[in-house]
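The block underneath contains the structure these notes are about, expressed in structure tokens.
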Amino acid sequence: RIGRDYGGPAKPTTSYDFRDAMLWLQHNSKQNDLVATNFIAGTKVRDFFTNAKYPSSSLAISAISKRRVLVEGDAWGNVGLVFNDRQMIPSWLNDRLQMSHQFAKKPDIESATYMRQMNINWFVVDKSKQMPTTWKPYASIAFENSGVIILKLN
């Protein structure tokens with residue numbers, strides 16, 4: 001499907017709110033800072049093999065903020081078609097997906113410790129998904145608009 005014209009105008013890749021949040025992150029973080037997010041394709045590894053299960057998934061965080069992201073995108077296919085049903089799925093991919101969603105939805109000592117071990121400095125939260133009202137004591141809100149929260153990890 002890539003590169004084909006299906007008629008009609010193309011949809012924007014991101015919203016203005018998302019773009020503004022990523023530009024804020026780019027200007028308020030260090031170049032070597034690492035980012036995690038719940039703007040990813042599903043909650044299980046199998047979801048990551050299904051393109052566009054979650055329409056908010058994209059590679060826009062790394063593209064706009066110019067920061068490395070723990071795991072991002074709408075499908076494993078964007079990273080490389082390396083694994084199929086007969087090959088072993090890397091355990092790190094499952095860990096990254098699970099911990100990213102866990103930290104965004106209900107932060108706890110397990111997900112916070114994982115983020116620390118992965119040297120994550122910032123966490124980008126998709127406000128369209130279920131989330132808590134606070135991430136204390138693990139992170140604090142550094143930026144927020146109608147679509148995105150950016151957390152600074154403690």
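Values quoted throughout were computed directly from the atomic coordinates according to the rules given, and no laboratory measurement underlies them. Since the model is a prediction, treat every value here as computed from it, not as a measurement. Because the Cβ atoms are built from the backbone with ideal geometry, glycine has one as well, and the counts that use them run over all protein chains shown.
I want to make sure I understand the PRE zone here: with the label point 7 angstrom from the Cα of residue 20 toward its beta carbon, which residues in the stretch 132-147 have backbone N atoms less than 15 Å away? Those under the cut-off are 143-147. Per the Debye calculation on the stretch 91-154 with a single equal scatterer at every Cα and no solvent contribution, log₁₀ I(q)/I(0) for q = 0.14, 0.19 Å⁻¹ amounts to -0.35, -0.65.
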